1. Please arrange Arg26, Arg156, Arg140 by counting, for each residue, the other beta carbons lying within 10 Å of its beta carbon, fewest first.
2. Helix-only mean residue ellipticity at 222 nm, the chain, DSSP H runs n ≥ 4 weighted -39,500 (n - 2.57), per residue, nearest 500. What is it?
3. Which angle between 0 and 90 degrees, to the nearest 10, do you get for helix 47-57 versus the longest principal axis of the chain when only C-alpha atoms count?
4. Test of understanding: ordering Ser66, Ser92 by Cβ neighbours within 10 Å, fewest first, what list do you get?
5. Listing Ile119, Ile9 from the residue with the fewest other Cβ atoms within 10 Å to the one with the most, what is the order?
6. Taking only Cα atoms, what is the 0 to 90° angle, nearest 10, from helix 17-30's long axis to the longest principal axis of the chain?
7. Below 26 Å, Cα to Cα, which lysines can Lys118 reach? Residues fewer than 8 away in the same chain don't count.
8. If one takes the longest principal axis of the Cα atoms in the chain, at what angle in degrees, from 0 to 90 and to the nearest 10, does the Cα axis of helix 149-163 lie?
Amino acid sequence: MAPISNERILDLISHNAAQTQRWGARIGELAQPGDLICLEGELGSGKTCFVQGIGRGLQIIEDINSPTFILANEHRGGRLTLYHLDAYRIRSAREVLGIGLDDYLDSGGVCVIEWAEKILEVLPADRLWITFRYLGESKRGVVMQAQGARYEQLLRDFKTSTFGG
Ligand SMILES: Nc1ncnc2c1ncn2[C@@H]1O[C@H](COP(=O)(O)OP(=O)(O)O)[C@@H](O)[C@H]1O
Ligand SMILES: [Mg+2]
């Protein structure tokens with residue numbers, strides 16, 4: 001069945017972790033230098049699972065886990081460097097100034113942020129925003145929202161490569 005969508009929004013249901021990872025891998029394959037992917041959703045909703053897929057799509061070999069004790073993990077060795085951030089423990093915008101988000105974005109890598117809603121005020125307006133929702137043991141809602149021309153293109157390419165033209 002064709003997913004509900006318009007130019008900027010793609011509303012999906014994932015039926016298992018492998019499917020979520022596959023969608024992440026598609027995004028990883030399509031990613032360009034400087035791309036910003038923001039992930040929102042409660043614990044266990046599939047954010048890290050999706051990032052593992054992005055890593056696979058970028059041909060990164062090492063394991064990807066949530067950066068629990070540091071703010072960001074850098075994964076090199078793939079087509080592009082993956083900067084994996086987790087804002088779970090961030091409490092104030094002031095703390096975020098130390099992240100160096102702009103440096104990551106300017107460095108030509110791909111920046112993926114879990115719990116991005118916690119640092120909304122310091123994020124660039126243009127981004128791919130993905131909201132995960134727990135719907136059942138292995139069922140997750142995945143809503144992708146493109147903000148800005150680059151991400152509308154990315155979303156179009158994702159739809160084409162995932163569901164056909
Ligand atoms: N459809 C699904 N998509 C993603 N993860 C799923 C799905 N079904 C079950 N899971 C499981 O849910 C958990 C998601 O954990 P994780 O990706 O670490 O979530 P988060 O980073 O949002 O806290 C994993 O154990 C994964 O195997
Ligand atoms: Mg996580």
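1. Values: Arg26 21, Arg156 14, Arg140 25.
Least to most surrounded, the residues fall as Arg156, Arg26, Arg140.
2. It comes out at -9000 deg cm²/dmol, rounded to the nearest 500.
3. Tilt of helix 47-57: around 80 degrees.
4. In order of increasing Cβ crowding within 10 Å: Ser92, Ser66.
5. On the way: Ile119 19, Ile9 14.
By the 10 Å Cβ count, ascending, the order reads Ile9, Ile119.
6. Roughly 70 degrees, rounded to the nearest 10.
7. Answer for Lys118, where 26 Å is the Cα cut-off: Lys47, Lys139, listed by chain and number.
8. For helix 149-163, the angle is close to 40 degrees.
No lab work stands behind these numbers, since they all come straight from the coordinates. For clarity, every value in this text was computed on a predicted model and none was experimentally measured. Glycine gets a Cβ as well: all are built from the backbone with ideal geometry, and neighbour counts include every protein chain shown.
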